[in-house]
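Peer 1: Dropping the structure in here first, questions after.
The values are calculated or read from the model by the stated rules, or taken from the named source; none is laboratory data. Model, not experiment: these values are computed from the prediction. Here the Cβ positions follow ideal geometry from the backbone for every residue, glycine too, while neighbour counts run over all protein chains shown. The protein model used for the area step is the full one, side chains on, heavy atoms only, and it has no ligands, DNA or RNA in it. Shrake-Rupley method; radii C 1.70, N 1.55, O 1.52, S 1.80 Å.
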Amino acid sequence: MTAEPAPDGLVAGLDVLQRALDYTRAALATITCADVDRPTPCAGWTLADLLAHMEDALDAFAEAADGAVGLSSAAPSPLEQRVQRLQAKACALLTAWLSAASPVVDVAGHPLPVDTVARIAALEITVHGWDVGRTTTRGTPIPERLAADLLPTALQVALSDDPRFAPPVPVPVEAPAGVHVLALLGRRSSYPGSSSS
């Protein structure tokens, strides 16, 4: 018995998710022990807090591949182990989504198309990867192709007043797509014409 091929929409969502995971794994590789207590672009959070949140999010998105999102919380661990665990979970996440069988995911009683959840996962993973790189000062901008693919989802999230992100901030219209994605989720980049956080 062979698995059914993934719908075209999910295939596109998984491509975006793959690129988001690649970007964020590279950001995680910039972390050193000296960074753990640094403040992040997430107000009131240190890098350690952000890493804990990222691990919980990866667990939730992996569960979503089975059709529902539960609540979980990773136990604290030393920085090196936490980063290694995040790297491993990032790799496992795509595998889980490649075998997703349900066309919808139940998120707190609200069914969402599986492709929508994959794109939301890609957005959150990318933005938190940028947060990590900004915190360590050794990250890179969000690649423009990835940012352009994430922009519609970022706009939807911003319009929904999602409490997981800060309110949108203004940026110049001509700013790159990556700057617009970050601005929609309350982050200020160092793009000329926008104030840096």
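Peer 1: Multiplying the sequence separation of GLN156 and THR32 by 0.36 nm and subtracting their Cα-Cα distance, what value in nm do you get? Show your work: numbers first, answer last.
Peer 2: On the way: separation 124, 0.36 × 124 = 44.64 nm, distance 3.42 nm.
The span from GLN156 to THR32 would gain 41.2 nm if fully extended.
Peer 1: Could you rank ASP56, ASP106, ASP131 by how accessible they are, 1.4 Å probe, largest area first? Could you put the intermediate results ahead of the total?
Peer 2: Working: ASP56 40, ASP106 65, ASP131 0 Å².
From most accessible down to least: ASP106, ASP56, ASP131.
Peer 1: Here's a follow-up. Highest first, please rank the peptides 173-181, 42-50 by the mean number of other Cβ atoms sitting within 10 Å of their residues.
Peer 2: Numbers: 173-181: 18.2, 42-50: 15.3.
So the order, starting with the most tightly packed, is 173-181, 42-50.
Peer 1: Same structure, new question: What is the packing order of peptides 166-172, 121-127, 135-141, taking the mean over residues of other C-beta atoms within 10 Å and listing the highest first?
Peer 2: Values: 166-172: 14.7, 121-127: 26.9, 135-141: 16.6.
Going from most to least packed, we get 121-127, 135-141, 166-172.
Peer 1: Sort ARG38, ARG134, ARG187, ARG164 from largest to smallest accessible area, using a 1.4 Å probe on the heavy atoms of the protein chains. All intermediate terms of the calculation are to be shown ahead of the outcome.
Peer 2: Numbers: ARG38 90, ARG134 65, ARG187 15, ARG164 115 Å².
Accessible-area ranking of ARG38, ARG134, ARG187, ARG164, largest first: ARG164, ARG38, ARG134, ARG187.
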